[in-house]
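Asker: Handing you a structure now.
The values are calculated or read from the model by the stated rules, or taken from the named source; none is laboratory data. Because the structure is a prediction, the values reported are computed rather than measured. Neighbour counts run over all protein chains shown; Cβ positions are idealised from the backbone, glycine included.
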Amino acid sequence: MDAPTIDLRRPALVVVDVQAGFDDSEFWGPRDNPACESNIEALVNFWRMNSWPIVFVQHDSDNALSPLSPSSQGHAFKDVIEGAPDLLVRKRVNSSFYGTPDLDAWLRAEGIGQIVICGITTNHCCETTARMAGNLGYDTYFAIDATHTFDRLAPDGTTVPAATLSSITATNLHGEFATVVSTAGLLAD
């Protein structure tokens, strides 16, 4: 695949669910992409250096046993996303566009038509957010190597490896809902 052309014009970085609870491998299982957090940190630092807007999204699980429950220590953000965002969205579902405050309303009020998505997990909240962003008309970039996911059990009982799920997400999104890019590609452009 050729590297896509990236033309960044004051994009918002939407950092989805980078919460400590995702480090609980007993709860979630095996993951892919050990470089995810360092890539997220690099993107956050680059956005701050350029004074571009940053949105942190935090998942408030309704499941009291979930490491992402607001009553759990795992609800807190990981250290790689220190500092205050321009906007903090709290959500209980997969899409960052169905949280509080309203992400779409904020982006439009700020005159932002371009977003870059990174975070956890690739094939759930990040992919759902990218699909919605594309449908809402945003020029959307998906930093695939600044996301990670976990192995999942398929309906037939087989295990689908996390890396396969990430590849499928990239395939599903690219060219229809978003432009799938690498962290290095974003930082170079």
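Asker: Right, ASP156: of a type outside the set (A, V, I, L, M, F, W, C), at pLDDT below 95 and over 13 Å from the mean Cα position of the chain (by Cα) or not?
Answerer: Working: of a type outside the set (A, V, I, L, M, F, W, C): yes; at pLDDT below 95: no; over 13 Å from the mean Cα position of the chain (by Cα): yes.
No, not satisfied.
Asker: I would also like to ask the following. Filter region 50-97 for residues that are assigned to a helix (DSSP H, G or I) and touching a Ser or Thr at 6+ places or on another chain (Cβ under 9 Å) and give the result.
Answerer: Within region 50-97, the first condition is being assigned to a helix (DSSP H, G or I), and the residues that meet it are 50, 73-75, 79-81, 96-97.
Result: GLY74, HIS75, VAL80, SER96, PHE97.
Asker: Report whether or not ASP7 is of a type outside the set (Phe, Trp, Tyr) and at pLDDT below 95.
Answerer: Numbers: of a type outside the set (Phe, Trp, Tyr): yes; at pLDDT below 95: yes.
Considered against the rule, which asks whether it is of a type outside the set (Phe, Trp, Tyr) and at pLDDT below 95, ASP7 comes out as yes.
Asker: Something else now. Can you tell me which of ASP32, ASP60 is in contact with a His (Cβ under 8 Å, 6 or more places away or on another chain) and under 28 Å from ARG108 (Cβ atoms)?
Answerer: Values: ASP32 fails: under 28 Å from ARG108 (Cβ atoms).
One residue alone meets the criteria, ASP60.
Asker: Tally time: how many residues in region 164-188 are farther than 18 Å from ILE40 by Cβ, more than 16 Å from the chain's Cα centre (by Cα) and in contact (Cβ under 8 Å) with a residue 12 or more places away in the chain?
Answerer: Summing the residues that are farther than 18 Å from ILE40 by Cβ, more than 16 Å from the chain's Cα centre (by Cα) and in contact (Cβ under 8 Å) with a residue 12 or more places away in the chain in region 164-188 gives 1.
Asker: When you scan region 115-135, do you find a residue that is part of a strand (DSSP E or B) and surrounded by fewer than 24 Cβ atoms within 10 Å (Cβ to Cβ), even just one? Reasoning before the result, please.
Answerer: Here is the first cut: in region 115-135, the ones part of a strand (DSSP E or B) are 115-120.
With surrounded by fewer than 24 Cβ atoms within 10 Å (Cβ to Cβ) added as a condition, the list becomes none.
No, every residue in region 115-135 fails to be part of a strand (DSSP E or B) and surrounded by fewer than 24 Cβ atoms within 10 Å (Cβ to Cβ).
Asker: Filter region 88-132 down to the residues that are among the hydrophobic types (A, V, I, L, M, F, W, C) and either over 16 Å from PRO53 (Cα atoms) or without any contact (Cβ under 8 Å) to a residue 60 or more places away in the chain (or both) and list them by number.
Answerer: Here is the first cut: in region 88-132, the residues among the hydrophobic types (A, V, I, L, M, F, W, C) are 88-89, 93, 97, 103, 105-107, 109, 112, 115-118, 120, 125-126, 130, 132.
If the condition is that a residue be among the hydrophobic types (A, V, I, L, M, F, W, C) and either over 16 Å from PRO53 (Cα atoms) or without any contact (Cβ under 8 Å) to a residue 60 or more places away in the chain (or both), then LEU88, VAL89, VAL93, PHE97, ALA105, TRP106, ALA109, ILE120, CYS125, CYS126, ALA130, MET132 are the ones that fit.
Asker: Taking into account only those residues within region 80-126 that are out of contact with any strand residue (DSSP E or B) (no Cβ under 8 Å at 6 or more places or on another chain) and charged (D, E, K, R), which is nearest to GLY175 (Cα to Cα)?
Answerer: Applying the filter and picking the extreme gives ASP104.
Asker: Count, please, the residues in region 3-59 that happen to be of a type in the set (D, E, K, R) and under 24 Å from LEU165 (Cβ atoms). Steps first, please.
Answerer: Our first condition is that a residue be of a type in the set (D, E, K, R); within region 3-59, this holds for 7, 9-10, 17, 23-24, 26, 31-32, 37, 41, 48.
Right, trim to under 24 Å from LEU165 (Cβ atoms) and you get 17, 23-24, 26, 31-32, 37, 41.
Residues that pass the stated criteria total 8.
Asker: Look at region 47-59 and say how many of its residues are surrounded by fewer than 18 Cβ atoms within 10 Å (Cβ to Cβ) and in contact (Cβ under 8 Å) with a residue 12 or more places away in the chain.
Answerer: The initial filter retains those residues of region 47-59 that are surrounded by fewer than 18 Cβ atoms within 10 Å (Cβ to Cβ), namely 48-51.
Next cut, in contact (Cβ under 8 Å) with a residue 12 or more places away in the chain only: 48.
Residues in region 47-59 being surrounded by fewer than 18 Cβ atoms within 10 Å (Cβ to Cβ) and in contact (Cβ under 8 Å) with a residue 12 or more places away in the chain: 1 in total.
Asker: Please determine whether any residue of region 66-79 is closer than 17 Å to ALA133 by Cα and without any contact (Cβ under 8 Å) to a residue 60 or more places away in the chain.
Answerer: Going through region 66-79, the residues closer than 17 Å to ALA133 by Cα turn out to be none.
No.
Asker: Further question: Being in a strand (DSSP E or B) and crowded, with 22+ Cβ neighbours inside 10 Å is the filter here, so list the residues in region 146-180 that pass it.
Answerer: Within region 146-180, ALA146, THR147, HIS148, ALA178, VAL180 meet the criteria.
Asker: Same structure, new question: From VAL80, VAL44, grab the single residue that is under 17 Å from ASP145 (Cα atoms), surrounded by fewer than 18 Cβ atoms within 10 Å (Cβ to Cβ), within 14 Å of the chain's Cα centre (by Cα) and not aromatic (Phe, Trp, Tyr).
Answerer: Values: VAL44 fails: surrounded by fewer than 18 Cβ atoms within 10 Å (Cβ to Cβ).
Among VAL80, VAL44, only VAL80 is under 17 Å from ASP145 (Cα atoms), surrounded by fewer than 18 Cβ atoms within 10 Å (Cβ to Cβ), within 14 Å of the chain's Cα centre (by Cα) and not aromatic (Phe, Trp, Tyr).
Asker: For the structure I just gave you, tell me whether LEU187 is surrounded by fewer than 19 Cβ atoms within 10 Å (Cβ to Cβ) and of a type in the set (A, V, I, L, M, F, W, C). Write out each step before concluding.
Answerer: Values: surrounded by fewer than 19 Cβ atoms within 10 Å (Cβ to Cβ): yes; of a type in the set (A, V, I, L, M, F, W, C): yes.
Here the answer is yes, as LEU187 does meet what is asked.
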